[in-house]
Amino acid sequence: MEKKQVIILGSGPAGLTAAIYAKRAELDVMVVEKNMMSGGQVLNTYEVDNYPGLPGINGFDMGMKFREHADRLGVSFLSDEITGIERTADGYALTGNQGVYEGRALIVATGATHRHLGLAREEELTGRGVSYCATCDGAFFRGRDVAVVGGGDVAVEDAIFLARLCRKVYVVHRRDELRAAKSLQARLLSMENVEMVWDSVAEELTGEDLVDGLVVANVKTGEKRCLEVDGVFVAVGILPNSSLVLELADHDEGGYLRAGEDGVTSAPGLFVAGDVRTKPLRQIVTAVSDGANCVTSVERYLEQ
């Protein structure tokens, strides 16, 4: 069994930042990552234009820069898929396919996963017209036509945000009424450059290297229509990757771990950073902030 002062589960921006800060604080830290490559969701982002000081950086390059920084400080990394986490007398024990790892403190930075539409070539065109974050990528589509798929609060908020930037916004929803809050619906429906595509589902993405259209099908009539758009924003839900710790700490109905900006959860010695935490804005910059704040909380906990 490998023992550390601090174990960080996950190696996206939140986890890597926590690792950098922990190492600088001279803590005995190890990052356990499921994937063979660090960086998290940012690796699949074609271009990041809202991270201060690095406008237009390629998402893959950003992920590599985070990892290089951690490597330069001598952070220990281990690739393994964790299958169980238990509270112990001294901290937390993580059981993986390749071994058991124990830490006095545990930082959960496992992120969240956007629900996908399940369309052919959706993965291929992600970052090339397909996006799961309007606030991240909306600026790239200024003055162009886009579609938002979904009908909840997030979808409507995304559509309102995009309508301020884009020439036209189609909102594709499988029902004939939205599920979003009435106040949000009123704002959306009052915008002249928004067109509702009711009773419809996304069926096919068109375009070679970049998206140039979205084929939708009416669920009542079967009629198909191709929306000529440069961007498709998918807002059909987000799933936090929190299943391993749901029985250990308080969480909301969606499975997000309850914690403030300090990352402190209801479980002593268990901290949370990044998209898996309850928070209003999930961006790279807020994940990085979470990682730094978590380590300050961990230091305080270990001192006590």
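Throughout, read-outs are computed from the coordinates displayed, never taken from laboratory work. Note that the coordinates shown come from a computational prediction; the quantities given were computed from them, not determined experimentally. All Cβ positions, glycine included, derive from the backbone under ideal geometry; neighbour counts span all protein chains shown.
Computed values, structure above
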| item | result |
| --- | --- |
| Diffusion coefficient, µm² s⁻¹, Stokes-Einstein with Kirkwood Rh over alpha-carbon pairs of the range 1-91 at 10 °C and 1.306 mPa s | 114 µm²/s |
| Loop GluC sites (Glu not before Pro), the range 25-109, which have at most 13 other Cβ atoms in a 10 Å radius of their Cβ (DSSP) | GLU26, GLU81 |
| Spin-label pair ASP262/VAL100, simplified geometry with 7 Å Cα→Cβ offset, distance in nm | 3.2 nm |
| Long-range tail of P(r) for the range 41-142 (Cα pairs > 18 Å, %) | 64 percent |
| Difference of contour (0.36 nm per residue) and Cα-Cα distance, ASN35 to THR221 | 62.6 nm |
| Bins of 20 Å, starting at 0 and running to the largest distance - Cα pair percent for the chain | 33, 51, 17, 0 |
| Estimated Rh, the range 130-207: Kirkwood, alpha-carbon pairs, angstrom | 12.4 Å |
| Inter-probe distance in nm under a simple model that places probes 7 Å from Cα toward Cβ, at ASP28 and LEU54 | 3.1 nm |
| All-pairs Cα distance distribution in the range 1-52, expressed in whole percent, bin size 5 Å | 5, 19, 24, 21, 16, 9, 4, 2, 0 |
| Among SER79, MET37, LEU54 - extreme Cα towards positive end, dipole of the chain, charges at beta-carbon | LEU54 |
| Axial C-alpha extent at least 27 Å, average Kyte-Doolittle at least -1.0 - helices from the chain (DSSP) | 284-303 |
